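Working notes for the structure below.
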Amino acid sequence: MRVKKNAAWAWIDPTLSEQGGVVKPKVIKGDLALSGGGDAAITSYAPEDGRSLSLTWPTTLPTPTLDGSHATYPDAAGPGADLVVTALATGFRYDVVLRTRPAKDVKLQIPFRGKGLSLRETSDGVLRVTDASGLNIAVNSPPTLRSAKDMRKPAGRAGAVETSVEESGTQQVLQLKPDPGFLADPATRYPVTLQSAFSMTAASDADVWSVTPNDPNGSGMTLMAGTQSDGTKSRAYLKFDTSSLVRQQISNVTLSLLNIDGPSCGSQVSDGIQVRRVTSGWSPATVTWAQQPTNTTENAVTNRSSVGGSCAPTPMTWDITAVAQQWAADVGNYGLVLMSPTERAVRNYRVYPSSENSDFNDPPKLTATFSPVGDPVVVSPAGPDGVEVIQAPANWRYDAVQMAEPQAHALSAAFDRVVANADKLADPYVDMVSGQVIVPAATADGHAVGSALLSGTAYLGYGGTDWTIPGEYTDGDTDEDGEGPPGPTESYNFTPQVPDVTASHGQQVTIIREVLQLTSAQLPGADAIISARPWPERNKVLITANAVSPELRLALAQRYGVNNVVIRLKPDAARLTTKTGTDNRQLTTQAGTDSRANDNDEYINGGGAFDTKNDFECTMGFAWSLPAGRRLVTAGHCLPVDDPTGVPLTGGTREYGKRVLTTWDDGIGTVFLPGKNEAQGDSALVTPNASIYPTASIFIGGPTSREKRPVKRSWQRRSAPGDLFCVGGRYYGQHCSWKVVEGNDYFKTDGGLLDNAIPATHASECLREEGGDSGGPIYTFQSDGSVVAKGITSSGTSTLLDCYVAFTDITTVRQSYGGDVMKRR
């Protein structure tokens with residue numbers, strides 16, 4: 001694992017050394033400093049810019065003994081009680097080692113001060129480090145007493161630790177009271193470790209043991225899986241962030257853990273250890289043998305190798321490619337469980353270092369191998385006979401990686417600059433090799449404009465699509481609209497590179513809008529044209545067509561010039577559909593219900609079904625906040641200019657509002673709002689009727705779900721290639737792992753020209769062809785399970801291999817109407 005330090009990438013190395021009177025690791029994520037002795041200021045840690053925490057000790061600390069990533073402060077917690085601080089890849093951990101049985105009850109107080117961070121204890125005893133907005137930065141498993149290991153389980157016997165967090169002036173104090181009965185029990189073998197007295201790590205692994213069915217072990221140094229001859233069983237749970245797998249051509253994904261102990265050496269030892277996909281939620285802080293998640297044997301993989309006795313530690317690997325492909329297709333990543341395939345009473349156990357084990361420095365890991373998608377091939381070069389024609393793999397550009405947020409925010413700011421100077425600058429892009437933001441200049445005076453510093457604040461933690469994170473509810477809607485404290489941020493400063501080009505943004509958009517509205521009588525072969533967009537890297541207009549004739553190539557060259565346009569031949573390309581569902585499947589008229597299919601109480605949520613008086617079916621997007629009052633937003637083609645009523649209905653008959661503005665006129669497509677000089681996608685603004693309250697939440701789950709999540713944020717930048725998101729619709733329900741392909745695009749649809757939309761793709765889950773999902777929310781999740789608004793669904797289509805959707809970006813909706821989504825604190 002590598003992290004970026006001082007503008008360069010470096011491999012993680014938590015080895016500690018004395019540096020200028022303090023103790024620091026070589027390289028970890030964040031900045032960690034430990035006391036060098038002689039004071040009580042033991043630890044300071046800054047996980048990101050602008051936020052930090054510091055812990056002190058009640059007494060002056062001795063000079064520590066350093067051993068790899070461990071700093072041991074002898075007798076710091078009293079005679080025979082050492083404080084051990086361990087540097088981890090993503091933080092640190094405190095342990096207190098009681099070498100001998102204490103003469104009296106042990107009580108520890110650890111003062112905590114945070115800058116933008118605080119401690120919070122939940123009802124299940126889990127300690128969390130949260131930021132000012134309440135988002136989890138780290139989760140600390142409940143501190144546990146562990147006696148010296150016995151032969152049955154490396155972690156030894158376990159005892160409880162009573163914990164509490166008290167406020168004391170400007171600081172918080174973590175109180176720890178180990179169980180005196182456990183410490184005094186003659187069966188307790190010393191030394192005893194008070195494990196994870198405090199930790200700051202993002203680990204997601206744990207093991208459970210049938211002998212202690214109610215004890216969690218999410219912070220143990222080892223993971224054990226398998227069985228013993230006396231019938232006892234162990235399982236190990238793992239979870240990885242697999243968002244980088246979405247829309248990649250996955251060749252192989254391998255799970256690897258370092259096997260450090262087992263019943264014997266060999267490649268075929270007993271039943272082996274099987275890896276299964278977990279199918280329900282769990283937390284490393286609370287999972288126990290008695291309270292485990294479910295799992296499935298589908299695509300399960302077994303490895304029978306083992307080390308033991310004189311064998312050196314050796315990696316065990318499992319090919320989990322099939323499981324990883326399921327995750328990438330949005331089956332739900334709840335992680336993996338390692339277990340004996342039969343769990344019969346035989347010696348069939350394996351022991352591995354956990355993610356918190358810094359002695360071996362070899363945590364569980366996934367290794368993925370991707371096949372390159374391939375580049376376009378020129379099938380007809382530009383020349384006297386017409387414009388250039390290319391063909392590309394069907395999934396061309398789908399393998400884009402997510403940008404770092406500072407880059408993505410800078411790219412969004414660059415696009416705003418280009419639009420404001422459309423005659424001088426061309427569309428910007430990020431060179432993903434160098435990381436540079438490129439803002440091409442089409443005129444001499446464009447250089448000064450384009451090269452100006454791009455600086456601002458990047459908002460972090462908005463882009464999650466892990467819908468398995470808890471956070472749903474069914475009741476408790478309110479009309480609250482209040483923004484909580486800002487989440488994690490990072491400043492960005494980019495000086496763009498400004499190459500010379502020939503075509504400006506304004507010139508290219510003029511070409512795009514014209515070519516998508518020309519008929520075959522005006523442009524031979526125009527009916528085959530599906531979409532068009534700027535191709536920033538080549539400073540050309542890229543037209544996608546499902547057929548290319550010599551007449552079309554020549555006509556484009558004569559109209560726009562040989563070198564300004566390129567055609568991508570994509571035989572399966574199809575027009576997007578803006579159908580708004582005409583099944584007229586009447587919803588129940590029962591008042592007071594509250595579900596996606598029938599949002600029929602006084603609170604209107606995003607993601608809920610609605611009909612129109614024209615018998616069209618659509619989905620509501622988000623509650624919207626304006627100085628003039630609360631509103632709702634949906635797709636413009638659901639409530640277009642040519643609809644004289646513009647009234648959304650629920651329950652088949654109940655009117656709950658009226659359209660006040662829309663950017664869509666059926667048959668024309670996107671239309672300009674009064675006073676706007678930039679086309680703004682496909683959206684409509686609705687004013688609710690009296691006694692109807694838009695609420696800052698959206699429905700999640702399936703088409704009839706009653707579950708909701710609160711909306712707490714909206715994206716503060718335009719969507720960028722590689723972004724992931726979720727879609728919610730009345731028929732579609734919720735599906736995630738959608739991926740943005742381009743920053744902006746222009747499409748022919750069955751209802752007109754869709755102007756300035758974001759195109760995206762999914763491997764398997766397509767929107768309903770008959771419509772009904774239009775207007776639904778586009779969104780992501782934060783680490784607390786709350787929703788971040790990203791856009792409004794416009795239209796979709798599908799091919800034999802892929803699903804497509806185009807949506808109006810939330811930044812575009814803000815530009816259209818002012819205001820922002822309603823939010824809950």
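The values are calculated or read from the model by the stated rules, or taken from the named source; none is laboratory data. What you see is a predicted model; the values in this text were computed from it and never measured. Cβ atoms come from the backbone with ideal geometry, glycine included; neighbour counts cover every protein chain shown. Surface accessibility is based on the protein's heavy atoms, side chains included, excluding ligands, DNA and RNA. Shrake-Rupley method; radii C 1.70, N 1.55, O 1.52, S 1.80 Å.
Output the number of residues of the stretch 520-539 satisfying the condition of being free of Cβ contacts under 8 Å to residues at least 40 places away in the same chain and open to solvent by 10 Å² or more (accessible area, probe 1.4 Å).
Going through the stretch 520-539 one residue at a time, the tally reaches 9.
Do you know which residues across the stretch 378-392 are outside any loop (DSSP other than H, G, I, E, B), closer than 13 Å to residue 540 by Cβ and either open to solvent by less than 40 Å² (accessible area, probe 1.4 Å) or in contact (Cβ under 8 Å) with a residue 60 or more places away in the chain (or both)?
Across the stretch 378-392, the qualifying residues are 388, 389, 390.
Just the residues that are outside any loop (DSSP other than H, G, I, E, B) and surrounded by 23 or more Cβ atoms within 10 Å (Cβ to Cβ), please, taken from the stretch 691-709.
Selection gives 694, 695, 696, 697, 698, 699, 708, 709.
Which one is nearest to the chain's Cα centre (by Cα) among residues in the stretch 425-479 that are open to solvent by less than 30 Å² (accessible area, probe 1.4 Å), under 24 Å from residue 242 (Cβ atoms) and among the hydrophobic types (A, V, I, L, M, F, W, C)?
460
When you check residue 544 against the structure, is it in a helix (DSSP H, G or I), of a type in the set (Ser, Thr, Tyr) and surrounded by fewer than 22 Cβ atoms within 10 Å (Cβ to Cβ), yes or no?
no
State all residues of the stretch 221-247 that are of a type outside the set (A, V, I, L, M, F, W, C), open to solvent by 10 Å² or more (accessible area, probe 1.4 Å), under 29 Å from the mean Cα position of the chain (by Cα) and at negative phi; if no residue qualifies, say none.
222, 235, 239, 241, 242, 243, 244
Using beta carbons and a limit of 6 Å, which pairs, at least six apart or on different chains, have the first residue in the stretch 161-175 and closer than 11 Å to residue 143 by Cβ and open to solvent by 40 Å² or more (accessible area, probe 1.4 Å) and the second one modelled with pLDDT of 85 or more and not acidic (Asp, Glu)?
162/177
In the stretch 722-734, which residues are surrounded by fewer than 24 Cβ atoms within 10 Å (Cβ to Cβ) and over 13 Å from the mean Cα position of the chain (by Cα)?
The answer is 731, 732, 733.
How many residues are open to solvent by 40 Å² or more (accessible area, probe 1.4 Å) and free of Cβ contacts under 8 Å to residues at least 40 places away in the same chain if we restrict to the stretch 299-321?
Of the residues in the stretch 299-321, 4 are open to solvent by 40 Å² or more (accessible area, probe 1.4 Å) and free of Cβ contacts under 8 Å to residues at least 40 places away in the same chain.
Conditions tested, residue by residue: (1) out of contact with any Asp or Glu (no Cβ under 6 Å at 6 or more places or on another chain); (2) part of a loop (DSSP other than H, G, I, E, B); (3) open to solvent by 40 Å² or more (accessible area, probe 1.4 Å).
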{"position": "481", "(1), (2), (3)": "yes, yes, yes"}
{"position": "490", "(1), (2), (3)": "no, no, yes"}
{"position": "502", "(1), (2), (3)": "yes, yes, yes"}
{"position": "506", "(1), (2), (3)": "no, no, no"}
{"position": "509", "(1), (2), (3)": "yes, no, no"}
{"position": "514", "(1), (2), (3)": "yes, no, yes"}
{"position": "518", "(1), (2), (3)": "yes, yes, no"}
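For the stretch 336-377, give me each residue that is not in a loop (DSSP other than H, G, I, E, B) and not β-branched (Val, Ile, Thr).
Of everything in the stretch 336-377, those that are not in a loop (DSSP other than H, G, I, E, B) and not β-branched (Val, Ile, Thr) turn out to be 336, 338, 339, 348, 349, 350, 352, 353, 365, 366, 368, 370.
Could you tell me which of the residues 780, 797 is more than 18 Å from residue 331 (Cα to Cα) and either open to solvent by 10 Å² or more (accessible area, probe 1.4 Å) or touching a residue at least 24 places away in the same chain (Cβ under 8 Å) (or both)?
797
Looking at 94, 45, can you tell me which residue is outside any loop (DSSP other than H, G, I, E, B), at pLDDT below 90, more than 30 Å from residue 404 (Cα to Cα) and of a type outside the set (S, T, N, Q)?
94
In the set 629, 581, which member is small (Gly, Ala, Ser), at positive phi and either open to solvent by 40 Å² or more (accessible area, probe 1.4 Å) or at pLDDT below 85 (or both)?
581
How many residues are farther than 26 Å from residue 320 by Cβ and either part of a loop (DSSP other than H, G, I, E, B) or open to solvent by 40 Å² or more (accessible area, probe 1.4 Å) (or both) when one looks only at the stretch 395-409?
Residues that pass the stated criteria total 4.
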